[in-house]
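One structure is given below, represented as structure tokens, and several questions about it will come after.
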Amino acid sequence: TMIDVWPPHKDVVVEEDDPEQILEAINDRGITRLVVEDIPPTSPTFLRETVSSAKRRIVSALAYSSTGRVDQADITIKGCAESEKNVMATMHMSEELSDMKDQLQKNRDALLVDDRPVETYRRIDPADAIKKLTPSTEFGSATRSYLDVLGNNPKFLTTSW
């Protein structure tokens, strides 16, 4: 589609809904500016080294909403007609979205202000952003295997930034 991630190796799929694995993937790609969905914060547990690496590198974070408008926004981005044409063309080409196209169209229309899509974001502290990576706080199998190697010693874990 027109909005595919390119080059393809930049499209990363984390196999488990595990905060540790997600933060590791963020670290592995050297992400410095993090954008997370504005979900209720959780209390995830991470390996200390994973958080330490993220703290040294992530310089800013934004919260977004799947509706396009986040509460308490302090950043507004206005699109143009051309970019919106690309979004709509991509949506209409996708066979996976066939059952949802009417609702998606209504959602996009709700974002229009003077015929331009307007989306909002909110600056948040990176410490808060890592609590919004996923609603899950469970360790996946990869993280459990790390912990086994570390003797399941809690000194290697942290819940704080």
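Given the options Ala81, Ala73, Ala129, name the one that is small (Gly, Ala, Ser), surrounded by 14 or more Cβ atoms within 10 Å (Cβ to Cβ) and in contact with a Lys or Arg (Cβ under 8 Å, 6 or more places away or on another chain).
The conditions single out Ala73.
Can you work out which of the residues in segment 60-97 that are over 17 Å from Arg123 (Cβ atoms) and among the hydroxyl-bearing types (Ser, Thr, Tyr) is modelled with the lowest pLDDT?
Ser94
Do you know which of the residues in segment 14-51 that are closer than 25 Å to Gln72 by Cβ and among the acidic types (Asp, Glu) is surrounded by the most Cβ atoms within 10 Å (Cβ to Cβ)? If you could, list the steps in order and put the result at the bottom.
Here is the first cut: in segment 14-51, the residues closer than 25 Å to Gln72 by Cβ are 19, 22-23, 26, 31-44.
Filter again for among the acidic types (Asp, Glu), leaving 37-38.
Working: Glu37: 13, Asp38: 19.
Once the filter is applied, the top-ranked residue is Asp38.
Looking at segment 125-149, which of its residues are more than 18 Å from Val59 (Cβ to Cβ) and touching a residue at least 24 places away in the same chain (Cβ under 8 Å)?
Initially, segment 125-149 is screened for residues more than 18 Å from Val59 (Cβ to Cβ), giving 134-149.
Within segment 125-149, Thr134, Pro135, Ser136, Thr137, Glu138, Phe139, Gly140, Ser141, Ala142, Thr143, Tyr146 meet the criteria.
Please list, ordered by first then second residue, the pairs with beta carbon atoms under 6 Å, 6 or more apart or interchain, first in segment 27-45 and within 22 Å of Leu157 (Cα to Cα), second of a type in the set (S, T, N, Q).
Close Cβ pairs satisfying both conditions: Asn27/Ser53; Thr42/Thr137; Ser43/Thr159; Pro44/Thr137; Thr45/Thr159.
Take the residues in segment 88-115 that are closer than 13 Å to Gly68 by Cα, of a type in the set (A, V, I, L, M, F, W, C) and in contact (Cβ under 8 Å) with a residue 40 or more places away in the chain; name whichever of them is surrounded by the fewest Cβ atoms within 10 Å (Cβ to Cβ).
Ala110
The values are calculated or read from the model by the stated rules, or taken from the named source; none is laboratory data. Only a predicted model underlies this, so the values are computations on that prediction, with no experimental measurement involved. For neighbour counting, all protein chains shown are included, and Cβ atoms are generated from backbone atoms with ideal geometry for every residue, glycine included.
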